[in-house]
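Reading through the structure tokens given below for one structure.
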Amino acid sequence: MIVIENVGPRSPATTKRRWANKIKWGFLLGLMVLIYGSHAPLITLTKVDGQVPFNASSCVLMIELTKLLISLLSLALTGSTSTLKSPPYLLLVAPYAVPAVLYTFNNNLVVVMQAYMDPSSFQMLSNLKIASTALLYSVCLGKRLRSAQWVALGLLMAAGGFHSYSTLDLQGPQRADVDEGPRLHITAWGLFLVLVYCGVSGLAAVYTERVLKSQKLPLSVQNLYLYVFGVAINGLSSLSTIGSDKRFLEGYSWVVWVIIAGQAANGLLMSVVLKHGSGITRLFVISSSILVNALLSWAILGLQLTPLFPLPCAMIGLAAYLYYR
């Protein structure tokens, strides 16, 4: 006997909850896009004589420490501190060290890669992490994507590459000779490092999502484990710069503290997305942030937008429609 379920109209309470959930997610994702997009313009505002006045490794450590303190505060407010009374099992905590190692590796790799390519080439090629994340998401998490969704991710990657290319300062030979400015270049070793960077980036995101979803622990506890390792590993990295010409908190201004607060909030919000959403949503957030970045750079820094700027905007919008319809 075939049983047909009652598919009558939803109750007003159910409809209200659905809309409230959509509004919450819309606000969360919009806030993340704003924070991601404002990161580079805020760093530019801190520059003195074209140079960043603060120690970059100390800033990363402060971000990780802020996320750790907020996680502890969240535990206290939710009354979940009882989970910390007994020492956690090593096998339970150890997986949270992997994302910290991977992200620290990539942060240092970005610095190394600058010797083998120009920043503009890196910006364009780094969009390949969309492809690597999508492939690992499908293979490692067993998530089968529809053909339209693969097309959407390809469109998203193309939008990032097109936006990067359209904003390049392609100097003519005569102007380049006069200005003696840096030209577009990338070596074979640089191309290999970019592929490694994109692969590690996708692996870190997919692995973090798998860990957060596989363990039935409160998110605040999981964040605590993540950021304990983040503070420890970045603390060791920061110790290697003790002999540098900048002291730990030297050059910190109110803008730097805004950057630290914003990036800490973004990290915590991203854990919510990976726990209750997906890593693909993270890709759309990052891609959408380039539009906010361009608008803020135009409004705050006076940079000129190219006539082709609306095209990547439309491509990202179309990609979101194809993926989530």
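Apart from one condition, residue 322 fits all of (1) open to solvent by 20 Å² or more (accessible area, probe 1.4 Å); (2) in contact with a Leu (Cβ under 6 Å, 6 or more places away or on another chain); the exception is (2). Just a yes or no: is a residue in region 246-257 farther than 30 Å from residue 142 by Cβ, among the small types (Gly, Ala, Ser) and surrounded by fewer than 15 Cβ atoms within 10 Å (Cβ to Cβ)? Among the residues of region 246-257, at least one is farther than 30 Å from residue 142 by Cβ, among the small types (Gly, Ala, Ser) and surrounded by fewer than 15 Cβ atoms within 10 Å (Cβ to Cβ), which makes the answer yes.
The set of residues from region 273-287 being touching a helix residue (DSSP H, G or I) at 6+ places or on another chain (Cβ under 7 Å) and open to solvent by 30 Å² or more (accessible area, probe 1.4 Å) comprises 275, 286.
Tell me whether region 296-303 contains one or more residues that are more than 28 Å from residue 53 (Cβ to Cβ), open to solvent by less than 30 Å² (accessible area, probe 1.4 Å) and within 23 Å of the chain's Cα centre (by Cα).
Within region 296-303, the first condition is being more than 28 Å from residue 53 (Cβ to Cβ), and the residues that meet it are none.
Looking through region 296-303, none of the residues is more than 28 Å from residue 53 (Cβ to Cβ), open to solvent by less than 30 Å² (accessible area, probe 1.4 Å) and within 23 Å of the chain's Cα centre (by Cα).
The values are calculated or read from the model by the stated rules, or taken from the named source; none is laboratory data. Not measured: the values here are computed from a predicted model. Cβ coordinates were reconstructed from backbone atoms using ideal geometry, including for glycine residues, and neighbour counts include every protein chain displayed. For accessibility, only protein heavy atoms count, side chains too; no ligands or nucleic acids. Shrake-Rupley method; radii C 1.70, N 1.55, O 1.52, S 1.80 Å.
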